[in-house]
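Notes follow once the structure below has been shown.
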Amino acid sequence: MPGTAIYTDLSGYYDLMCADIDYRAQSHCVHRLQKLFGNGGNRHLDLACGTGPHVRHFLDAGYQSSGLDINQPMLDRAALRCPDARFSRQDMCGFTVGLPIDLITCFLYSIHYSAEIARLQACIASVHGALATGGLFCFNAVDKHAIDNASFVAHEANHPDGLFSFSSGWHYAGAGEQQLLKLRIERTTAGQSQTWHDEHRMVAVSFAELSELLQPYFDVHVLEHDYEKILPWNGTSGNAIFACVKL
C-alpha cells in the first residue's frame, strides 16, 4: 500500500472529503453479511481504516473492532475517534494479527490500493491467514472493463478553513493490471483558491479475475453494490460487494 502524500497533507480534511459517504449503512450491511455468511464472531479488523469511521460503527454494534492503515496521521485521528479500538500502522498486503479475526473489511474500494496483482495476491493471502475458521472478508471493487474514464463524482463542503470542492474518477487505459484514481481538491478562502491534484496507482482487475484470485482461499459471493439490499450481482454492474468466507 504505497504512501499517498495527499492523504497526509490533507488528513485534517479527510472526513470532509468523505462527507457524502453513508458509513452507517455500509457498516450495517456488512454486519448483516456477517450474520448471513460468516461465523457470527465479533472480532473485526478494518483494512485501510483511514480516520476510523467504519470502526466506530462496528464498536457501537458490539464488535471488538480494530483497524490498520499505512498513514500515521490518519491513524492518529482514528485513535481520537475510537479510543476503545486498537490501531496499527501496517501494509494491508502483508500484515499480522495477535488473535484470529472473525470479520475483515476493506471499504471505499481500498482493496485497489494494493496497486498490482502480486500485491493483491499477498493481501488476499494475509487476510486468509488472519481469519478464524469460517471468517468473512468483505470489500467492494470496480471491474476494469466497466470503467468510464469520463465519469467523475464531485461534491462541495463548507469548513471554517474555506469552501472545499472534491472530485474523483477512475481511469483505465484499456490494458494492463493498473488503473488510476484521479483526485482533485480545491479550497477557496476569501476569493483565493488552492488546488491539489493527485493520481493514485491502483490495481485493475475484472470481476472474473478477482474471483479467480479469491477462490483458492474463499467461498466467494459477489453481490450488487447496494448497502440497503442484499442482492446477487447481476453480472453486468461495474461495482460489486464481495463477501468471502474462509475455506
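Values quoted throughout were computed directly from the atomic coordinates according to the rules given, and no laboratory measurement underlies them. Because the structure is a prediction, the values reported are computed rather than measured. Every residue, glycine as well, gets a Cβ built from its backbone with ideal geometry; the counts of neighbours run over all protein chains shown.
So for the stretch 183-247, considering every pair of alpha-carbon atoms, how many percent are separated by more than 16 Å?
Values: 1311 of 2080 pairs.
In whole percent, the share of Cα-Cα pairs in the stretch 183-247 beyond 16 Å is 63.
Which three semi-axes in whole Å describe the equivalent ellipsoid of the stretch 13-141, each the square root of 5 times a Cα gyration tensor eigenvalue, listed largest first? Don't skip to the end; give the middle numbers.
Numbers: eigenvalues 75, 64, 41 Å².
Sorted largest first and rounded, they come to 19, 18, 14 Å.
Would you kindly derive the ³J(HN,Hα) couplings of the stretch 154-163 from the backbone phi angles with the Karplus curve 6.51 cos²θ - 1.76 cosθ + 1.60 (θ = phi - 60°), listing them in order in whole Hz, with x for Gly and Pro?
Computed from phi, the couplings for the stretch 154-163 are 8, 7, 10, 8, 8, 8, x, 8, x, 8 Hz.
Please list 3J(HN,Hα) in residue order for the stretch 224-235, calculated via the Karplus relation 6.51 cos²θ - 1.76 cosθ + 1.60 where θ = phi - 60°; whole Hz, with x for glycine and proline.
Computed from phi, the couplings for the stretch 224-235 are 4, 7, 9, 7, 9, 10, 9, 10, x, 4, 7, x Hz.
Could you give the length gained on full extension between A157 and E186, defined as 0.36 nm per residue of separation minus the Cα-Cα distance, in nm? Please report the intermediate quantities before stating the final value.
Numbers: separation 29, 0.36 × 29 = 10.44 nm, distance 1.06 nm.
Separation in residues times 0.36 nm, less the Cα-Cα distance, equals 9.4 nm.
Post the alpha-carbon centroid distance, the stretch 82-138 to the stretch 39-71, in whole angstrom.
11 Å
What does the extension gain come out to for Y109 and A79, with contour length at 0.36 nm per residue minus their alpha carbon separation? Let's see the in-between values first.
Details: separation 30, 0.36 × 30 = 10.80 nm, distance 2.23 nm.
Taking Y109 through A79 to full extension adds about 8.6 nm, to one decimal.
Can you compute the equivalent ellipsoid semi-axes for the stretch 49-115, i.e. the square root of 5 times each eigenvalue of the Cα gyration tensor, sorted largest first and rounded to whole Å? Working shown, then result.
Details: eigenvalues 60, 40, 28 Å².
Largest first, the stretch 49-115 gives 17, 14, 12 Å.
Compute the distance in nm between two label points, each set 7 Å from the Cα along the Cα-to-Cβ direction, one at E177 and one at T195.
The answer from the label model is 3.5 nm.
Under the rule of at least 5 residues apart or a separate chain, name every residue whose amide H is placed under 5 Å from the amide H of L131.
Placed amide hydrogens put I101 under 5 Å from L131.
So who's got an amide H within less than 5 Å of the one on M92, skipping anything under 5 residues away but keeping other chains? H placed 1.01 Å off N, in plane.
The list, which skips near neighbours in sequence, is empty: none.
If only Cα atoms are counted, what is the Rg of the chain, and what is its Dmax, in Å?
17.6, 57
Please enumerate, by chain and number, the lysines with C-alpha under 28 Å from the C-alpha of K246, excluding those fewer than 8 residues away in the same chain.
By straight Cα distance, K246 reaches K35, K144, K229.
In whole Å, largest first, what are the principal axis extents of the Cα atoms in the stretch 102-229?
That works out to 56, 34, 28 Å along the principal axes.
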